[in-house]
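Just so you know, all these numbers are worked out from the coordinates, no wet-lab data involved. Predicted model, so just to flag it, every value in this text is computed and none were measured. Because the Cβ atoms are built from the backbone with ideal geometry, glycine has one as well, and the counts that use them run over all protein chains shown.
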Amino acid sequence: MSNEKAVVETTKIGENVEIGEFCVIRADVVIGDNVKIHPHVIIESGVVIGDDVEIFPGTYIGKPPKGASVTARPIKFEPKIVIGNSCVIGPNAVIFYDVMVGSNTLLGDGVSLREQVRVGSHCLLGRYVTVNYNTKIGDHTRIMDMTHITGNCEIGDNVFISVLVSTTNDNVVINREYEDGKINGPKIRDSATVGAGACLLPGVVIGEGSLVGANAVVTKDVLPYDVVMGIPAKVTRSLRKYSDD
């Protein structure tokens, strides 16, 4: 059922769909069954919404990435988005083109996903989390409020990243030009934990099952199951004995 004040250009709509007032749904959008779209949502062409999805007011799905001549890197994307079954997308989220989100994933209020982002199933991205370009996030991963995930980052399965974490991908201070192969975000392996306010510098590997303490600054790789704390982060103990239980 579409509100009479909505603009709905697509005919590819499943059963038991609610579209609120002042929504704009462009041609070629595919909407599954039992989807609820609250007022003031914009969905551009090329978007596929799975079954049992709920999208809250003010969300924009299908934003074209544009550099406005100030972005150093070349911007590449395909004009498509796939949102898996049973996802919830909070108010005022912005999802750029060329994004895929797995099933049963929650995107909190104000989340921003840039182009070439892939988010797994059963994930939680908290309020105002930003995920930059070409980033992969595995299944069952939680990223909490106000955290920034940089471009060219890799995050595994069952990872927990707390609030206000920052990740970076560029060590260049003098030369501001973008060079492929030199701009690399952290790699956070399966079941790792990153504490509140931590900062992960470019290219570091956070090993499987490791723990980064709150407010730590990680300047080099963290081995699997190590605990690191401080500025710069140093090993304080190992969790390996717990991993063997």
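Between Gly110 and Asn92, Ala93, Tyr128, the built amide H atoms are under 5 Å apart, and every one of these is 5 or more places off in sequence or on another chain.
You can think of it this way: the chain between Ala214 and Lys234 has 5.9 nm of extra reach, that is 0.36 nm per residue less the Cα-Cα gap. For the stretch 104-109, the Karplus equation 6.51 cos²θ - 1.76 cosθ + 1.60, evaluated at θ = phi - 60°, returns couplings of 6, 10, 9, 9, x, 4 Hz by residue, with Gly and Pro reported as x. Aspartates and glutamates within cross-link reach of Lys234: Cα-Cα under 19 Å, excluding same-chain residues under 8 positions apart? Partners found: Glu208, Asp221, Asp226. Of the labelled figures [x] 13.8; [y] 12.5; [z] 14.7, only one reflects mean projected area of the Cα convex hull in nm² as derived from the coordinates, namely [x]. Backbone geometry of the stretch 8-25 corresponds, through the Karplus equation with coefficients 6.51, -1.76 and 1.60 at θ = phi - 60°, to 3J(HN,Hα) couplings of 10, 9, 8, 10, 8, 10, x, 8, 6, 9, 10, 10, x, 5, 6, 6, 10, 10 Hz, x marking Gly and Pro.
Here Ala196 and Lys241 are evaluated by their C-beta separation; at R0 = 35 Å the FRET efficiency comes out at 0.90. Each Lys and Arg adds +1 at its Cβ and each Asp and Glu adds -1 at its Cβ; summed about the Cα centre, the chain shows a dipole of about 900 debye.
Along the Cα-to-Cβ line of Ser166, 7 Å from the Cα, sits a label point; which residues in the stretch 200-233 have backbone N less than 17 Å from it? Within reach of a label on Ser166: 200-204, 213-220, 230-233.
A cut-off of 5 Å between modelled amide H atoms, ignoring neighbours fewer than 5 places along the same chain, links Ile188 with Glu154, Ile155, Gly156, Ile206. Only helices enter the 222 nm calculation for the chain: every DSSP H run of n ≥ 4 contributes -39,500 (n - 2.57), and dividing by all residues gives 0 deg cm²/dmol, rounded to 500. Each residue of the stretch 152-166 is assigned a 3J(HN,Hα), and the resulting list reads 6, 10, 10, 10, x, 7, 6, 8, 10, 10, 7, 6, 6, 7, 10 Hz, derived from the Karplus form 6.51 cos²θ - 1.76 cosθ + 1.60 (θ = phi - 60°), x at Gly and Pro. Farthest toward the positive end of the dipole of the chain, out of Ile81, Gly197, Ala216, is the Cα of Ala216, where the dipole comes from beta carbon charges about the Cα centre. In a fully extended conformation the segment linking Met1 and Asp221 would gain 73.9 nm over its present Cα-Cα distance, using 0.36 nm per residue.
Which length gain, in nm to one decimal place, applies between Lys76 and Val24 when the Cα-Cα distance is subtracted from 0.36 nm times their residue separation? Could you put the intermediate results ahead of the total?
Details: separation 52, 0.36 × 52 = 18.72 nm, distance 2.52 nm.
Taking 0.36 nm per residue and subtracting the Cα distance, the gain is 16.2 nm.
Taking amide H as placed 1.01 Å from N in the peptide plane, Ser2 has its amide H under 5 Å from the amide H of Ile19, each at least 5 places away in sequence or on another chain. Ignoring the sites themselves, the chain has its longest run without trypsin sites (Lys or Arg not before Pro) in a DSSP loop having at most 11 other Cβ atoms within 10 Å at 77-175.
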